[in-house]
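Notes for the one structure printed next.
The values are calculated or read from the model by the stated rules, or taken from the named source; none is laboratory data. Keep in mind that what you see is a predicted model, and the values were worked out from it rather than measured. Note that each Cβ is placed from the backbone with ideal geometry, even for glycine, and that neighbours are counted across all protein chains shown.
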Amino acid sequence: MENTPIQFLDTEQENALYIKRDDLIPYSFGGNKARKACLFFEEIDKGAYDCVVTYGSSHSNHCRIVSNMAAARGKKCYLIGPEEVSDTTFNSKLMQCFGAEIITVPVENVHETIEEQLHKLKKSGKKPYFIPGGGHGNLGTQAYVNCYNEIKEYEKANHIFFEYIFFASGTGTTQAGLICGQIENADNDRKIIGISIARRNPRGRNVVVDSVEEYMGNCNKEKVENNTIFIDNYIGHGYGKENEEIEDTIRAAMVKYGIPLDSTYTGKAFQGMKKYIAENNIKNKNILFIHTGGTPLFFDDLRRM
Ligand SMILES: *Cc1c(COP(=O)(O)O)cnc(C)c1O
């Protein structure tokens, strides 16, 4: 994969704000789920797998990308999702268009349904590959170690150093990868700040710490704890819940920069970042926002705006 572009965006409260466009990864509307899925499908291509099983809601960027990659290979894709979030969205329309088999069950039954589905497939002689929701796990983490190294390359080539990196943090895999990259490169002078879009602390933060430790194996636990900054102050009304302020942020970003944000992830994180900068009186720094994708969700928002 080619490095995604980093561009200067704006002066933000006396800081220089840059944006890394992972939304422009050239596959199925891009995003962090595309970056992760590429690595999962490298494994799938190496093995003799004939179908893919994963989970996520009808809003899931992950399910869109995985079902696209599976369809491109002529492999059946099974998507297990919660009944509670199964309304029609642009992502769910795309999943249908890729011929995925969508199995919706009450959220408390998701786990056992996955197990049953895998069991059923194996019993009928199939060889399914299971991808954890959101592309969680060491391969997903690896994808964002790679992203971190792209940022390092950009810094070297352009003689710049980003003191802060912000992005939307959900399952924490994106954040875990960035932190692993930071630790591997011994970059102690920057803060990597995940803006939670749903999870509260301590759980949200602990999941990131666990993912870092799982990926790095033997590592300095204190360092991992210190480097993991997971901010749960800007969740608003919860996962996927927009509010007027986020809507304004989305409209302004589209008008001013021509960049689509969405109310579930990037819009919420972008707004959270601005507040964090103000509340912590950050000035005269180079700040990088990672656009983690979700463009189909922007269009869902647009219909409501
Ligand atoms: C899934 C997702 C995230 C969160 O990524 P995690 O690695 O799960 O923390 C952020 N932004 C977008 C657009 C996503 O689809």
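Test residue 134 against the stated conditions and say whether it is closer than 22 Å to residue 296 by Cβ, in contact with a helix residue (DSSP H, G or I) (Cβ under 6 Å, 6 or more places away or on another chain), modelled with pLDDT under 95 and not polar (S, T, N, Q). So residue 134 passes the test. Evaluate the stretch 21-43: report whether one residue or more is over 28 Å from residue 287 (Cα atoms) and either surrounded by fewer than 17 Cβ atoms within 10 Å (Cβ to Cβ) or touching a His at 6+ places or on another chain (Cβ under 8 Å) (or both). Taking every residue of the stretch 21-43 in turn, at least one turns out to be over 28 Å from residue 287 (Cα atoms) and either surrounded by fewer than 17 Cβ atoms within 10 Å (Cβ to Cβ) or touching a His at 6+ places or on another chain (Cβ under 8 Å) (or both).
Scanning the stretch 255-277 for residues that are in a loop (DSSP other than H, G, I, E, B), crowded, with 24+ Cβ neighbours inside 10 Å and of a type outside the set (Ser, Thr, Tyr) yields a total of 2.
Exactly one residue out of 157, 176, 186 is near the ligand (Cβ under 10 Å from one of its atoms) and of a type in the set (A, V, I, L, M, F, W, C): that is 176.
Output the residues belonging to the stretch 8-48 that are acidic (Asp, Glu), away from the ligand (no atom under 16 Å from the Cβ) and under 30 Å from residue 73 (Cβ atoms). Working first, answer last.
Keep residues of the stretch 8-48 that are acidic (Asp, Glu), which gives 10, 12, 14, 22-23, 42-43, 45.
Remaining after also requiring away from the ligand (no atom under 16 Å from the Cβ): 10, 12, 14, 42-43, 45.
42, 43, 45 - these are the residues of the stretch 8-48 that are acidic (Asp, Glu), away from the ligand (no atom under 16 Å from the Cβ) and under 30 Å from residue 73 (Cβ atoms).
Residues that are of a type in the set (Phe, Trp, Tyr) and over 18 Å from residue 259 (Cα atoms): does the stretch 52-59 have at least one? So far as the stretch 52-59 goes, yes, one or more of its residues are of a type in the set (Phe, Trp, Tyr) and over 18 Å from residue 259 (Cα atoms). There is no residue in the stretch 82-89 that is surrounded by 17 or more Cβ atoms within 10 Å (Cβ to Cβ) and under 19 Å from residue 1 (Cα atoms).
Given the structure, is residue 104 of a type in the set (Val, Ile, Thr) and within 24 Å of residue 180 (Cα to Cα)? In short, no. Total residues in the stretch 149-170 satisfying the condition of being among the polar types (S, T, N, Q) and surrounded by fewer than 23 Cβ atoms within 10 Å (Cβ to Cβ): the figure is 2.
In the stretch 242-253, how many residues are touching a residue at least 40 places away in the same chain (Cβ under 8 Å) and either within 12 Å of the ligand (Cβ to nearest atom) or in a helix (DSSP H, G or I) (or both)? Spell out the reasoning first.
Narrowing the stretch 242-253 to residues touching a residue at least 40 places away in the same chain (Cβ under 8 Å): 242, 247, 250-251.
Restricting the remaining residues to those that are either within 12 Å of the ligand (Cβ to nearest atom) or in a helix (DSSP H, G or I) (or both) gives 247, 250-251.
Of the residues in the stretch 242-253, 3 are touching a residue at least 40 places away in the same chain (Cβ under 8 Å) and either within 12 Å of the ligand (Cβ to nearest atom) or in a helix (DSSP H, G or I) (or both).
All conditions in (1) surrounded by fewer than 24 Cβ atoms within 10 Å (Cβ to Cβ); (2) modelled with pLDDT of 95 or more; (3) more than 20 Å from residue 16 (Cα to Cα); (4) among the hydrophobic types (A, V, I, L, M, F, W, C) hold for residue 297, with the sole exception of (1). With respect to residue 140, is the statement that it is within 16 Å of residue 52 (Cβ to Cβ) and modelled with pLDDT of 95 or more true? Here the answer is yes, as residue 140 does meet what is asked. Counting only residues that are over 16 Å from residue 110 (Cβ atoms) and either more than 9 Å from the ligand (Cβ to nearest atom) or touching a strand residue (DSSP E or B) at 6+ places or on another chain (Cβ under 8 Å) (or both), the stretch 126-140 holds 7 of them.
Return the residue satisfying two criteria in turn: it lies in the stretch 160-173 and is of a type outside the set (Phe, Trp, Tyr) and not in a helix (DSSP H, G or I), and of such residues it is farthest from the ligand (Cβ to nearest atom). Break it down into steps so the answer makes sense when it comes.
So the first thing to find is which residues in the stretch 160-173 are of a type outside the set (Phe, Trp, Tyr), and the list is 160, 163, 165, 168-173.
After this cut, where a residue has to be not in a helix (DSSP H, G or I) as well, the list is 160, 163, 165, 168-172.
Values: 160: 24, 163: 22, 165: 13, 168: 4, 169: 5, 170: 3, 171: 3, 172: 5 Å.
In this case the residue turns out to be 160.
Looking at the stretch 280-305, which of its residues are in a helix (DSSP H, G or I) and free of Cβ contacts under 8 Å to residues at least 12 places away in the same chain?
From the stretch 280-305, those in a helix (DSSP H, G or I) are 295-304; that's our starting set.
Within the stretch 280-305, 302, 303 qualify.
The residues in the stretch 259-279 that are among the charged types (D, E, K, R) and touching a residue at least 60 places away in the same chain (Cβ under 8 Å) can be counted, and the count is 2.
From 198, 168, which residue is out of contact with any Asp or Glu (no Cβ under 8 Å at 6 or more places or on another chain), assigned by TED's automatic domain parsing to the domain that holds residue 262, farther than 24 Å from residue 282 by Cα and hydrophobic (A, V, I, L, M, F, W, C)? Walk me through how you get there before you give the answer.
Values: 168 fails: farther than 24 Å from residue 282 by Cα.
Just one listed residue meets the conditions, 198.
Just to be sure, is residue 239 within 16 Å of the ligand (Cβ to nearest atom) and under 26 Å from residue 176 (Cα atoms)? Yes; evaluated as a whole, the condition is true for this residue.
Regarding residue 198, is this residue surrounded by 17 or more Cβ atoms within 10 Å (Cβ to Cβ) and farther than 24 Å from residue 162 by Cα? Taking the combined requirement at face value, the residue satisfies it.
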